[in-house]
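**Student:** I'd like to ask you about the structure that follows.
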Amino acid sequence: MRGLMMDRQLSIASILTYAATRHGEVEIVSRTVEGPIHRYTYADAARRTAKLAHALQALGAGPGNRVATLAWNTFRHFELYYAISGMGAVAHTINPRLHASQIAFIINHADDRFVFLDTTFVPLLESIAAQTPRVKAFVLMCEESALPPTSLPNALSYEALMAPHSSEFAWPDLDENTASSLCYTSGTTGDPKGVLYTHRSTVLHAFSSCMSETGRPFENNRALMPIVPMFHVNAWGLPYCAPMSGAKLVLPGALHDAEPLYDLLENECVTTAGAVPVIWQRLLTYLETTGKPLRSLTALRVGGSAAPAALIEAYERRGIEVVHGWGMTETSPVCTNGSIKGEHRAGAERLNYQLKAGRCMFGVDMKIVGEDGQTLPEDGASQGELLVRGPWVASAYYNDPAATAAFFTADGWFRTGDVATLDADGYLTIFDRSKDLIKSGGEWISSIDLENVAVGHPGVEEAAAIAIPDAEWAERPMLVVVRKAGSALDAAELNAYLAERVAKWWLPDEIRFIADMPHTATGKISKKTLRERYAQPATAAGI
Ligand code: AMP
C-alpha cells in the first residue's frame with residue numbers, strides 16, 4: 001500500500017528561497033578576494049542569485065551543462081552554488097591547488113562549458129586554456145572596471161554579466177535526483193575521480209549536518225564559518241546548512257593565515273567553524289604566541305585528517321568543544337559527527353572518545369570488512385577496511401567505469417580504502433589510509449597514531465610518519481617533523497619522548513627535521529611528496 005503524502009522534491013534552490021523568506025535579514029559576510037569585507041543578507045543573495053541564473057541562461061547554459069568554478073569562499077561563489085544547481089545545471093567546483101595538468105584533465109573530463117574564476121586564477125587558466133578548447137567563456141568574478149588584461153578567450157565580468165537581469169527567477173521543479181554539483185577527488189593516486197552529487201543528496205546531507213548536536217546551528221545568533229574551501233566537497237555542507245538553519249554565514253575569502261582568520265572569527269562573532277587540523281593548529285599557535293582570546297567560538301569542526309590529542313585538549317581548555325568528523329569527497333562528505341554520548345562526555349574517558357573520528361550518523365550505514373570481504377565484529381578492536389552506504393554516498397564515479405568497478409561493491413557499498421574499527425556505540429576509529437600504513441616485520445604501525453603522539457611534544461608543530469624500505473623488516477617508520485618557532489628540539493629528545501609513549505618497535509628509525517611540511521590540495525600533509533623525497537634508497541634520494 002502506498003502512503004498518501006505529497007511527493008515534493010528536495011531542491012537546492014528551495015534552501016535559499018526559504019532563507020530569503022523566513023530570515024532574509026540574516027547576513028552573509030565575506031572577505032573579498034580584493035581584501036575588504038563585503039556584507040549583505042540572505043534576501044540580497046537570493047535576488048542576485050536570480051539575476052545570475054538569468055545570466056547563465058543568456059550565456060547558453062542549459063540543464064545538465066557543467067559550469068565550473070575556481071573560486072575562494074566568498075558571496076559570489078555562494079551565489080554560483082545556488083544559481084547553477086537551481087537552474088538545473090551542474091556546479092563543478094574545481095580545486096585550484098591541483099596541478100595545472102590535473103585541472104585541464106578534469107575540465108575536459110567534466111566537459112565544462114563555462115568557467116567562473118576569481119581573478120587570482122587568471123594566470124593558472126591562461127596557462128591551460130589551449131588545452132580546454134570546449135570552454136565557451138571564462139567569467140571573472142569581479143566588477144567590469146576590475147577586469148585584468150587577459151589572454152583568456154571570451155573573458156567576461158561577473159557583475160556586468162548579471163547586471164541587466166531580473167532579480168526574480170522561476171526555479172524549475174527538478175526531479176530531486178537531478179545532478180547538482182560535481183567534485184573531483186584530489187587524486188593522490190591516479191587521475192582525479194568525479195563525484196556527481198544530486199539535489200536530494202545535498203539537501204539530506206545539509207539536514208543531517210544541521211542535526212549535529214554540538215553544532216547547534218538552529219539556536220539564535222549562530223554564525224557558521226566554513227574555513228574549508230568551497231571548492232572542496234561543498235565546503236562540508238555548511239553553505240547549505242547555514243541558510244537552512246538561519247545561521248549567519250561567514251566566508252573567509254582567500255586568506256587562510258591565522259591572523260585574518262582570527263580577526264573574522266572575533267569580529268563576526270563566529271560560533272562554529274570547520275577546517276582541517278593544520279588550520280586549527282596554526283590558529284592555536286597564533287593564540288598562544290599573541291595571548292589573544294577566542295570569545296565567541298563554542299565549537300569547532302575538524303576533519304579531513306585525524307585531529308591530534310594535543311590540539312583537542314588545547315581548544316577544550318579554552319572552552320571550545322572539538323567536533324571531530326570523518327568523511328570523503330565520495331560521501332558529500334560528512335558521515336560521522338563528533339557528538340559524544342552523554343555517558344562519555346565527562347571524566348578521563350572523554351578525550352579518548354573525542355580522538356575517535358566521530359559517531360556514525362543516522363542515514364549512513366558503516367561496516368568493517370576483513371581481507372576476505374567478511375564483515376568483522378563492531379568491538380572497537382577488529383580492524384579492516386571501512387565500507388559505507390547511504391543517500392549522500394556516491395553510487396559510482398562520473399564517467400569512470402574502471403574506478404567504479406574498483407571501489408563500489410556489487411551489493412551497493414563504497415570501499416573507502418580507510419583501515420578502521422567500529423564499536424557498538426557507532427564510534428569510528430581511523431587507523432590509517434591503507435596506503436599510509438607501515439608494515440614492519442608483518443605487523444602494522446599506524447602513521448596517524450605515531451604522528452598524534454609526536455605532535456603532543458611542545459616543540460613539534462607538525463609531524464608525518466612514512467614507511468621507508470628496510471631490508472630486514474620490509475618497512476620501518478621515518479618521522480618528518482616541523483619544529484615550533486623558537487624550538488631547538490633534536491632527534492634524541494623527541495625519540496626519548498616517543499619511547500615513553502609508544503611500543504619500542506614503533507620508534508622511528510630516523511627523525512628528520514624540515515622547515516616546511518608539504519600539503520595536498522586540500523590541506524592535508526602530502527605523504528606522497530614525503531615518500532617521493534625520503535622513502536627511496538639513500539643514494540637515489542640524494543640523502
Ligand atoms: P577527501 O576525499 O580528500 O576529503 O579525503 C578523504 C580521506 O580523508 C578519508 O578517506 C580519510 O582517509 C581522511 N579523513 C577524513 N576525515 C578523517 C578523520 N577525522 N580522521 C582521519 N582521517 C580522515
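The values are calculated or read from the model by the stated rules, or taken from the named source; none is laboratory data. None of these values were measured; they are calculated from a predicted model. As a convention, Cβ positions derive from the backbone with ideal geometry for all residues, glycine included, and neighbour counts pool all protein chains shown. When the accessible area is computed, the model is the full protein with side chains, heavy atoms only, and any ligands, DNA or RNA have been set aside. Shrake-Rupley method; radii C 1.70, N 1.55, O 1.52, S 1.80 Å.
**Student:** Do we find a residue being within 17 Å of the chain's Cα centre (by Cα) and open to solvent by 60 Å² or more (accessible area, probe 1.4 Å) anywhere in the range 158-170?
**Tutor:** Checked the range 158-170: no residue is within 17 Å of the chain's Cα centre (by Cα) and open to solvent by 60 Å² or more (accessible area, probe 1.4 Å).
**Student:** Can you tell me which of Asp509, Asp490, Asp516 is over 23 Å from Glu288 (Cα atoms), of a type in the set (D, E, K, R) and more than 16 Å from the ligand (Cβ to nearest atom)?
**Tutor:** Details: Asp490 fails: over 23 Å from Glu288 (Cα atoms); Asp516 fails: over 23 Å from Glu288 (Cα atoms).
Being over 23 Å from Glu288 (Cα atoms), of a type in the set (D, E, K, R) and more than 16 Å from the ligand (Cβ to nearest atom) holds for just one of Asp509, Asp490, Asp516, which is Asp509.
**Student:** Continuing with this model, one more query. Is it the case, given these coordinates, that Tyr262 is of a type in the set (Ser, Thr, Tyr), under 26 Å from Leu98 (Cβ atoms) and away from the ligand (no atom under 14 Å from the Cβ)?
**Tutor:** The answer is no for Tyr262.
**Student:** So is Gly303 open to solvent by less than 10 Å² (accessible area, probe 1.4 Å) and within 16 Å of the ligand (Cβ to nearest atom) or not?
**Tutor:** yes
**Student:** A further question on this structure: Taking Val322, is it under 22 Å from the mean Cα position of the chain (by Cα), open to solvent by 10 Å² or more (accessible area, probe 1.4 Å) and of a type in the set (Val, Ile, Thr)?
**Tutor:** No; evaluated as a whole, the condition is false for this residue.
**Student:** Could you tell me how many of the residues in the range 155-209 are touching a Leu at 6+ places or on another chain (Cβ under 7 Å) and among the acidic types (Asp, Glu)?
**Tutor:** The qualifying residues number 1.
**Student:** So is Glu500 surrounded by fewer than 14 Cβ atoms within 10 Å (Cβ to Cβ) and touching a residue at least 40 places away in the same chain (Cβ under 8 Å) or not?
**Tutor:** Judged against the criteria, Glu500 is not a match.
**Student:** Is it true that some residue in the range 327-342 is within 16 Å of the ligand (Cβ to nearest atom), of a type in the set (A, V, I, L, M, F, W, C) and more than 18 Å from the chain's Cα centre (by Cα)?
**Tutor:** For the range 327-342, residues within 16 Å of the ligand (Cβ to nearest atom), of a type in the set (A, V, I, L, M, F, W, C) and more than 18 Å from the chain's Cα centre (by Cα): present.
**Student:** Now for a different question. Go through the residues of the range 324-337 one by one and say whether even a single one is out of contact with any helix residue (DSSP H, G or I) (no Cβ under 8 Å at 6 or more places or on another chain), over 18 Å from His205 (Cβ atoms) and among the β-branched types (Val, Ile, Thr).
**Tutor:** Checking the range 324-337: not a single residue is out of contact with any helix residue (DSSP H, G or I) (no Cβ under 8 Å at 6 or more places or on another chain), over 18 Å from His205 (Cβ atoms) and among the β-branched types (Val, Ile, Thr).
**Student:** With the range 63-154 as the region, which helices (runs of 4 or more DSSP H) entirely inside it contain at least 2 residues that are touching a helix residue (DSSP H, G or I) at 6+ places or on another chain (Cβ under 6 Å) and within 22 Å of Val29 (Cβ to Cβ)?
**Tutor:** 75-86
**Student:** Sticking with this one: When the range 472-498 is examined, which residues are found to be among the small types (Gly, Ala, Ser) and under 20 Å from Trp444 (Cβ atoms)? Working first, answer last.
**Tutor:** The initial filter retains those residues of the range 472-498 that are among the small types (Gly, Ala, Ser), namely 474, 485-488, 491-492, 496.
Passing the criteria: only Ala474.
**Student:** Determine, yes or no, whether Asp411 is open to solvent by 60 Å² or more (accessible area, probe 1.4 Å), more than 26 Å from Glu313 (Cα to Cα) and in the same structural domain as Glu378 (by TED's automatic domain parsing).
**Tutor:** For Asp411, the condition - open to solvent by 60 Å² or more (accessible area, probe 1.4 Å), more than 26 Å from Glu313 (Cα to Cα) and in the same structural domain as Glu378 (by TED's automatic domain parsing) - is met.
**Student:** Test Ala309 against the criterion of being touching a residue at least 24 places away in the same chain (Cβ under 8 Å) and within 16 Å of the ligand (Cβ to nearest atom), and give yes or no. Steps first, please.
**Tutor:** Details: touching a residue at least 24 places away in the same chain (Cβ under 8 Å): yes; within 16 Å of the ligand (Cβ to nearest atom): yes.
When the stated conditions are applied, Ala309 passes them.
**Student:** Here's a follow-up. Going residue by residue through the range 390-406, is there one that turns out to be closer than 26 Å to Ser446 by Cβ and surrounded by fewer than 15 Cβ atoms within 10 Å (Cβ to Cβ)?
**Tutor:** Taking every residue of the range 390-406 in turn, at least one turns out to be closer than 26 Å to Ser446 by Cβ and surrounded by fewer than 15 Cβ atoms within 10 Å (Cβ to Cβ).
**Student:** Is it the case that Ala314 is within 14 Å of the ligand (Cβ to nearest atom) and surrounded by fewer than 24 Cβ atoms within 10 Å (Cβ to Cβ)?
**Tutor:** no
**Student:** I would also like to ask the following. As an exercise: evaluate Asp449 against (1) open to solvent by 30 Å² or more (accessible area, probe 1.4 Å); (2) under 23 Å from Gly373 (Cα atoms) and give the number of the one condition it does not meet.
**Tutor:** (2)
**Student:** Among the residues of the range 331-353 satisfying the criterion of being in contact with a strand residue (DSSP E or B) (Cβ under 7 Å, 6 or more places away or on another chain) and surrounded by fewer than 24 Cβ atoms within 10 Å (Cβ to Cβ), which is nearest to Asp423 (Cα to Cα)?
**Tutor:** Applying the first criterion (in contact with a strand residue (DSSP E or B) (Cβ under 7 Å, 6 or more places away or on another chain)) to the range 331-353 yields 331-339, 353.
Now restrict to residues that are surrounded by fewer than 24 Cβ atoms within 10 Å (Cβ to Cβ): 331, 339, 353.
Values: Thr331: 21, Ser339: 15, Tyr353: 11 Å.
The extreme case among them is Tyr353.
**Student:** Next question, about the same structure. May I ask you to verify whether Ala521 is in contact with a strand residue (DSSP E or B) (Cβ under 6 Å, 6 or more places away or on another chain) and open to solvent by less than 30 Å² (accessible area, probe 1.4 Å)? Steps first, please.
**Tutor:** On the way: in contact with a strand residue (DSSP E or B) (Cβ under 6 Å, 6 or more places away or on another chain): no; open to solvent by less than 30 Å² (accessible area, probe 1.4 Å): yes.
No, not satisfied.
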